[in-house]
Structures are given as structure tokens and as C-alpha cells.
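The values are calculated or read from the model by the stated rules, or taken from the named source; none is laboratory data. Quantities reported herein were computed from a predicted structural model and do not represent experimental measurements. All Cβ positions, even for glycine, are placed from backbone atoms using ideal geometry, and neighbour counts span all protein chains on display. All accessible areas refer to the heavy atoms of the entire protein, side chains included, with ligands and DNA or RNA removed. Shrake-Rupley method; radii C 1.70, N 1.55, O 1.52, S 1.80 Å.
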Amino acid sequence: MQEIRGSRSYRSHNTGRRHYDLSTLREAKPPLVSGAEPSIEEKHQRINPPHKLPTFTRKTLLWSGAVLICAAIAIGGYKLLFAKSNQNSSISEAAYQQFLSQQQYVNFPVYYPASLPAGYTLNPDSISSQGGTYSFALKSPTGTDLVTIEQARPPVLERVTKTKSVSNSIGTAYIANLNGQQAGMAISDKTLVTISGTNAGAEQLTQIIQALKPLK
């Protein structure tokens, strides 16, 4: 009879035969076989490996935040600069006082550019009154000199060819052909305003007419 490994044995005194205690047998484990078939779970992990999220270091996050802040500042600064460049600007106090000082030499209401159209400049030295007229000069963004001449409204207005009406705070205003070139004209009850300049465009003339307000 073959001996069973892992069991205790003893010999009977009566029969002389060897007996085995099977309760001490250990549970047999399947041998590890090289190249064994992988389980279904192992196959699934090989085909669909777990997704690994990218690891961001503190330094990377700080750099990303700094870039976003710089971009926001740049965009905000550009918008602010663009907005300011498209806004009307008030004339200086010195220019305003010059308008007031010249008003005393005429006997009709005077109009002045309370706010300059975007890109326009006013030369305070151009503000003057002589021979019953009141005048000043503006320079457009393109460099065109535009001269405004104000005088008492004549009893009979000169006939001109009107090309465009202009809304304004003075009275009747329009763009017209005057002495062979475009000019802006605004007429109140007591004042006639004429704006002209070499190669002056209708848009430039309109902007100045709409900027004029009564001088008080």
C-alpha cells in the first residue's frame, strides 16, 4: 500500500497493519503553471488600461495663473485706451477763458466747441474777434485746418446749394457748396456760423457743427 504524504501513520497492535490519520492532510493547491490562461478581469485591464490624469505641479499652476492675469490686464488696458481714444475731450480752461475774453468785442451770441470731437485739437491762439466777426481754428485727425467764423446774422442769407442737413443745438444747420468747396453752416436767430477748410469732408464739418454750444 502506498503511503499518503502529509498524514500521520501508526501501526495497529492487533493486526500489524499501518493506519493513516487523514484529518491532518493539508488542502492541496493547484500548481503554478507557466503560461496559464489569464482571467477575464486581467484581459479587460490589458485591453482598457486605467486612465491616468495628468499631474500638475504647483509651479505649473502658478505659471498658468500668471499668464492669465497678464492677458486680462493687457485686454483691459487695450479696451480702456481704445475707449478713451474715441471719446470727446473738453477744451482747456485757458481756451475757455480766451473764448470769454473775445466775446465782449461782438454784439451777437457766440458759440464754441464745448467738447472737441475725438482726435481734434484747438489752438487757443486762433481764438479772436475783429471786424465784427468771431473766429477760431481746429485741426482734424487727418491734419486738415478747419476755420469757424461767426458773425451777426444778415437780413438776407446768401443762396447756397445744400447737400446735407445736420442736427445741432444752434438752429438750422447743413452742409453746402460755398465758393466752390464744401462748408458747414449753422444759423440761429442772431448768429451765422460758417465752417470751412481745404478739402474739408462732410463728416468733419458735421462733427464740428454738432460740437458747438452757446458760450455762457
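For this structure, a couple of remarks:
- Taking the range 159-185 as the range and being closer than 19 Å to Asp145 by Cβ and either in contact (Cβ under 8 Å) with a residue 12 or more places away in the chain or part of a strand (DSSP E or B) (or both) as the test, the residues that pass are Ile175, Leu178, Gln181, Gln182, Ala183, Gly184, Met185.
- Residue in the range 91-105 that is surrounded by 13 or more Cβ atoms within 10 Å (Cβ to Cβ), of a type in the set (S, T, N, Q) and under 19 Å from Gln210 (Cα atoms) present: no
- Residues in the range 137-169 that are within 21 Å of Gln104 (Cα to Cα) and either touching a Pro at 6+ places or on another chain (Cβ under 8 Å) or of a type outside the set (A, V, I, L, M, F, W, C) (or both): Thr148, Glu150, Gln151, Arg153, Pro154.
- Residues that are assigned to a strand (DSSP E or B) and of a type outside the set (A, V, I, L, M) were ranked within the range 189-204; the one that is least open to solvent (accessible area, probe 1.4 Å) is Thr191.
- For beta carbons closer than 8 Å, sequence separation of 6+ or different chains, a first residue in the range 109-124 that is free of Cβ contacts under 8 Å to residues at least 24 places away in the same chain and a second that is surrounded by fewer than 19 Cβ atoms within 10 Å (Cβ to Cβ) and basic (Lys, Arg), the qualifying pairs are Thr121/Lys139; Asn123/Lys139.
- When the criteria are applied in full, Leu53 meets the requirement of being at pLDDT below 70, farther than 19 Å from Leu192 by Cβ and assigned to a loop (DSSP other than H, G, I, E, B).
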